[in-house]
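To start, the structure under review is shown below, and the notes come after it.
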Amino acid sequence: MAEDIICETTISLHNEFGLHARPAGRIAKAAQQFEANIMIAFNGREVDAKSILDILSLAAPSGSALRIQARGDDARYAVEHLESIFRDNLGEDR
Amino acid sequence: MASKVFKGIPVSAGLAIGRTYFLNREAGTSIVRIYIVPEHVTQEVSRLKQGFNTALEELEKILKKVPVDLKEQAAIIDSHIMILRDKKFQKSACDYVKSRLINAEWALEHAVNDIEKAFSRIEDEYIRSRIQDVRLVAGRVRSKLYGQSKNYDSKPERMILLAHDLSPADTIELKLEKIMAFATATGGKTSHAGIIARSLQIPAIVGAEGLEMIQDDDIVILDGFSGRIIVEPDEKELTHYTDLKQRFSDYYSQIKRNCYLPAETIDGYQMQVLANIELFEEVTAVIDNGGEGIGLYRTEYSFLNRNSWPSEDDLYEEYRDMASIIYPQKVVFRTFDLGADKISPHFGPLDEVNPALGLRAIRFCQQNPGIFRAQIRAILRASTLGNVAIMFPMISGLQELREVKEIYFNVREEMSREGLPFQEEVPFGIMIELPSAVFIADVLAREVDFFSIGTNDLIQYSLGIDRTNRYVSYLYQPLHPAILRSIKYVIDAGHEAGIEVNVCGEVAADPYCIPILMGMQLDSISLNPQAIPGIKRIIRQTTMDECKDLLKQVMHSSQVHQSNRLVRDKIFTRFPEELMFYTSLIEES
């Protein structure tokens, strides 16, 4: 059995109001497109990036550093894609 | 047999007599808890999954039906869909069926409780309160488990709809041609349900605890004036209310027919009657009720439920549409009055001991200049398409006013440099709602184009009482000599400086207070659209002479009880018929 591909990165949260319902929904939706198992870690807790409720429970405020880790065949694409969403300030930037 | 009465908060006037239907009854009732045998696990799990799927399909259908102008509702429904789709949530519920050998409803409750526990540790109050969304979603799933379909539309007659709460999704689904009134067990004066009811002009009551006890198909009287719901009324009550309903409908069609006539007294004094609104959708109610423009657009309401801050373009689009629909009549945009009881989800509540005296309204805007400037730009950009005025809340002194003006003129210069067009002469006004502003009204009047006296806050800050606090609300006295002198002083100071003075606030919609305001020779009043036809009618039946006379008597009174009695006696003898259908801020003596 081939080794799982693991890919990870750390991003900082720059949208104005932190990980609230709408950005959390956006991340979960994006993560769900990938096969890989994706986790988001913040403040010593690690949650499933495909679950809006999990992401909300992180309660990450603006300015937080989040670690994203993906494990699976499309891990690299998943991390890159999520990174680009965070870089766009979760679509809230105008 | 004595009939049962439930009491709630009336949010939309009128009377309805009919049979009831309880929407999503299961959502708030106790959950059936049953242990199951291992052979039934597969069946129970698939019932649970089916419940999730049916609820999901239903929400997706609703989302498609959401009109484009209700973007916030769409966003809420969308986040509910995400919660329903949350694999972990569904899996956790299914796992409980397997591991505990319990029925689907009980397992769902366990899964919700787990999430609640996780959320309860969160410090961010806004995120913590999102557990409400999870509960609403779980309620929808549970109603699918019981297999209730919303079948009130198959009933031959129009029903009185009862519910624990009406979510935005529920209100979009309402079959309006089948509903004559509604009541909810939860909610307060400003709930969304009330705004919907008023715009549909059906009677409604919110916050009526214990509604669950009413059976489907019971006959009830729903009294949208007093907030009472009378279950299985007796012959006498039925006769009384049928008669009252007829009289109200006669009265109402009469005042509606005449609502476009100007509010001119018998002796020819004319008062401009404008509307207070909170949401864009209410603009139709302004036009329907004979409003002569919008005197107070409370701009913060349109995004209080939203998760993201609106951009300048979002605001511009809303303001542009508002300005052009109401044109040639005017619209006064009151800049964001956030803080105190109006908290945007983005900022969450601040850590303040006393928010009413804290960072709110103009203070909040000055400390968040990005937001403030974006709103000013949006209002100015909309000014080319209509008759637009701008107004700033909670001004406490000259220094503060000059700072706000500096920002305002700075934004205008910036727009000129960018070549963005706006009307040069957009009237610039302020709200007088703090006692400090009252006493320097003569100074402030030289700096602005108009005043609007916000009586709700002025009474609260002058008398030092929070009227939603039931221990002290009896002290909320619009006819307190201090309040009347304040209002009179501001009006006189404004007129001395040659500027217009408006009163917005509940006293403007109060049939007992209106003759006194008339006597002070106000230029305009601004009130909720539904109250306009009645107030216009009262104005048309008075004379300026008698208003001035009443004002004089009341100004001489040094006791509020005496003033109240004076006004009640006077108005009651002049307008006995009207007052049956009004509630007043003036206490009964």
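The values are calculated or read from the model by the stated rules, or taken from the named source; none is laboratory data. Given the structure is predicted, the values throughout are model-derived calculations rather than measurements. Cβ: placed from backbone, ideal geometry, glycine included. Neighbour counts: every protein chain shown. The area values use the complete protein model at the heavy-atom level, side chains included, leaving out ligands, DNA and RNA. Shrake-Rupley method; radii C 1.70, N 1.55, O 1.52, S 1.80 Å.
Side notes on the structure shown:
- Protection proxy ranking, peptides B:310-316, B:159-165, B:352-358, average beta carbon neighbours within 10 Å, highest first: B:159-165, B:310-316, B:352-358
- Under a 5 Å amide H cut-off, with hydrogens placed 1.01 Å from N, B:Lys330 pairs with B:Ile294 among residues at least 5 apart or on other chains.
- Normalised by 2.2 N^0.38 Å, where N is the number of residues, the C-alpha radius of gyration of the protein assembly as shown stands at 1.06.
- Percent carbon-and-sulfur accessible area, the stretch B:299-408, ignoring ligands, DNA and RNA, probe 1.4 Å: 47
- In the calculated pair-distance distribution of the stretch B:329-408, the portion above 18 angstrom amounts to 45 percent of the Cα-Cα pairs.
- Stokes-Einstein diffusion of chain B at 4 °C, 1.567 mPa s viscosity, Kirkwood radius from Cα pairs, rounded to a whole number: 49 µm²/s.
- Using a Förster distance of 22 Å, the FRET efficiency for A:Gln33-B:Lys49 (Cβ separation, nearest 0.05): 0.50
- Calculated log₁₀ intensity ratio I(q)/I(0) where the Debye formula runs over C-alpha points of the stretch B:402-526, q = 0.11, 0.12 Å⁻¹: -0.45, -0.52
- Volume per residue of the convex hull around the Cα atoms, evaluated for the stretch B:258-581, comes out as 136 Å³.
- Charge dipole of chain B about the Cα centre (unit charges at C-beta), most positive-ward option of B:Pro481, B:Ser308, B:Val41: B:Val41
- Test item: A:59-72 mean partner chain Cβ contacts at 10 Å: 1
- Assuming charge only on the beta carbon of Lys and Arg (+1) and of Asp and Glu (-1), the dipole of chain B about its Cα centre is about 1120 debye to the nearest 20.
- Percent of Cα pairs exceeding the 13 Å cut-off, where the set is the stretch B:299-339: 59
- In terms of overall dimensions, the stretch A:6-91 has a Cα radius of gyration and Dmax of 11.2, 33 angstrom.
- Only Lys, Arg (+1) and Asp, Glu (-1) charged, at Cβ; the stretch B:31-145 dipole about Cα centre in debye: 260
- 1.4 Å probe, heavy atoms, protein only - residues of the stretch B:76-97 losing at least 40 Å² accessible area vs chain alone: B:Met82, B:Asp86, B:Lys88
- With the biggest extent put first, the Cα atoms of the stretch B:31-145 measure 50, 35, 22 Å across the principal axes.
- Using a probe of 1.4 Å, the accessible surface attributed to B:Arg135 totals some 90 Å² when neighbouring protein chains are kept in position.
- Of the peptides B:321-334, B:291-304, the order by per-residue mean of other Cβ atoms within 10 Å, starting with the highest, comes out as B:291-304, B:321-334.
- B:Glu425-B:Val32 FRET efficiency (beta carbon distance; Förster radius 56 Å; 0.05 resolution): 0.25
- Relative to the 2.2 N^0.38 Å rule of thumb, the stretch B:192-329 has a C-alpha radius of gyration ratio of 1.38.
- In the protein assembly as shown, the DSSP-assigned H stretches of four residues or longer account for a calculated mean residue ellipticity at 222 nm of -13500 deg cm²/dmol, using -39500 (n - 2.57) per stretch and the full residue count as denominator.
- The stretch B:31-145, relative contact order [Cα under 8 Å, separation at least 6], %: 39
- Residues in the stretch A:3-34 occluded by at least 30 Å² - accessible area, probe radius 1.4 Å, against chain by itself: A:Phe17, A:His20, A:Ala21, A:Arg22, A:Lys29, A:Gln32
- In this rough spin-label picture, where each label sits 7 Å from Cα along the Cβ direction, the B:Gln246-A:Arg67 distance is 7.8 nm.
- When a 1.4 Å probe is rolled over the protein heavy atoms, the share of accessible surface on chain A that falls to carbon and sulfur comes to 43 percent.
- Rounded accessible area per residue of the protein assembly as shown, 1.4 Å, Å²: 44
- Between B:Lys4 and B:Val231, the built amide H atoms are under 5 Å apart, and every one of these is 5 or more places off in sequence or on another chain.
- In this assembly, the B-A interface accounts for approximately 2000 Å² of buried accessible surface in total, computed with a 1.4 Å probe and without ligands, DNA or RNA.
- Accessible area per residue was computed with a 1.4 Å probe on protein heavy atoms; B:Lys548 scores about 80 Å².
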